[in-house]
Amino acid sequence: MLIDSDPQGNASTGLGVGRAQRTTTLYDVLMGEKAIDQAVVKTSLPGLDLLPSDPDLSGVELELGHQPGRSFKLRDALEPVRQAGHYTYVLIDCPPSLNLLTVNAMAAADAVLVPLQCEFFALEG
C-alpha cells in the first residue's frame with residue numbers, strides 16, 4: 001500500500017487516481033472519520049493499493065494542532081492494517097517539509113528513506 005501524505009496529492013495523481021475518485025482520503029482517516037480500509041482505493045498496478053490525498057489534508061495541522069496524541073494518529077490508524085497482515089509493505093509519501101504530517105509518518109514507520117538532490121542546500125534542509 002502507498003499512503004499519499006502530501007496535500008498536493010502527486011502520488012495519487014501519478015497512480016492515475018483522479019480527484020473525483022478521492023471521495024475518502026488520508027484527511028478523513030487522520031481526523032478519525034473513516035478507517036483506513038474505508039479510504040483505500042485500488043490502483044491500476046496489480047497488488048498496489050493507495051490511501052489518497054487531496055488539498056484538504058493541509059488543514060490537518062490546524063485541526064489536530066492541540067489534540068493529545070496528534071503525532072500518532074497515522075500510527076494508530078495503521079495498527080489494524082498491521083494486525084490483519086493485508087500488506088507486505090506500506091510506503092508513506094511525505095511532503096517536502098517537517099510538519100505534523102511528516103511527524104505522523106515517521107512515528108508510524110519502521111524505517112525512513114530520505115531521497116534528496118546531491119547538493120549542499122538540499123542536504124542542509
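The values are calculated or read from the model by the stated rules, or taken from the named source; none is laboratory data. Being a predicted model, the structure only gives us computed values, none of them experimental. In this analysis, Cβ positions are derived from the backbone assuming ideal geometry, glycine residues included, and neighbour counts consider all displayed protein chains. Only protein heavy atoms, including side chains, enter the accessible area calculation; ligands, DNA and RNA are left aside. Shrake-Rupley method; radii C 1.70, N 1.55, O 1.52, S 1.80 Å.
Could you please find all residues in the range 7-31 being farther than 12 Å from D54 by Cβ and touching a Lys or Arg at 6+ places or on another chain (Cβ under 9 Å)?
Taking the range 7-31 as the starting set, the residues that turn out to be farther than 12 Å from D54 by Cβ are 14-16, 29-31.
Matches in the range 7-31: V29, L30, M31.
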Looking at the range 85-94, which of its residues are surrounded by 10 or more Cβ atoms within 10 Å (Cβ to Cβ), under 16 Å from D49 (Cα atoms) and either among the hydrophobic types (A, V, I, L, M, F, W, C) or over 14 Å from the mean Cα position of the chain (by Cα) (or both)?
-> H86, Y87, V90, L91, I92
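When only residues in the range 95-125 that are closer than 18 Å to D76 by Cβ and assigned to a loop (DSSP other than H, G, I, E, B) count, which is most open to solvent (accessible area, probe 1.4 Å)? Let's see the steps before the verdict.
Going through the range 95-125, the residues closer than 18 Å to D76 by Cβ turn out to be 100-110.
Filter again for assigned to a loop (DSSP other than H, G, I, E, B), leaving 109-110.
On the way: A109: 35, D110: 140 Å².
Top of the filtered list is D110.
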Is there a residue being over 23 Å from L113 (Cα atoms) and β-branched (V, I, T) anywhere in the range 78-95?
-> no
Taking first residues from the range 53-64 that are closer than 14 Å to S12 by Cβ and open to solvent by less than 90 Å² (accessible area, probe 1.4 Å) and second residues anywhere that are assigned to a helix (DSSP H, G or I) and of a type in the set (D, E, K, R), the pairs with Cβ under 7 Å that are 6 or more apart or on different chains are D54/R19
Residues of the range 1-43 classified as free of Cβ contacts under 8 Å to residues at least 12 places away in the same chain and touching a strand residue (DSSP E or B) at 6+ places or on another chain (Cβ under 7 Å), total | 1
Within the range 65-83, how many residues turn out to be touching a residue at least 40 places away in the same chain (Cβ under 8 Å) and open to solvent by 70 Å² or more (accessible area, probe 1.4 Å)?
-> 1
Scanning the range 2-23 residue by residue, those under 21 Å from S71 (Cα atoms) and crowded, with 19+ Cβ neighbours inside 10 Å turn out to be L2, I3, D4, S5, D6, P7, G9
Single residue of the range 33-44 satisfying the filter (within 19 Å of D6 (Cβ to Cβ) and aliphatic (A, V, I, L, M)) that is surrounded by the fewest Cβ atoms within 10 Å (Cβ to Cβ) | V41
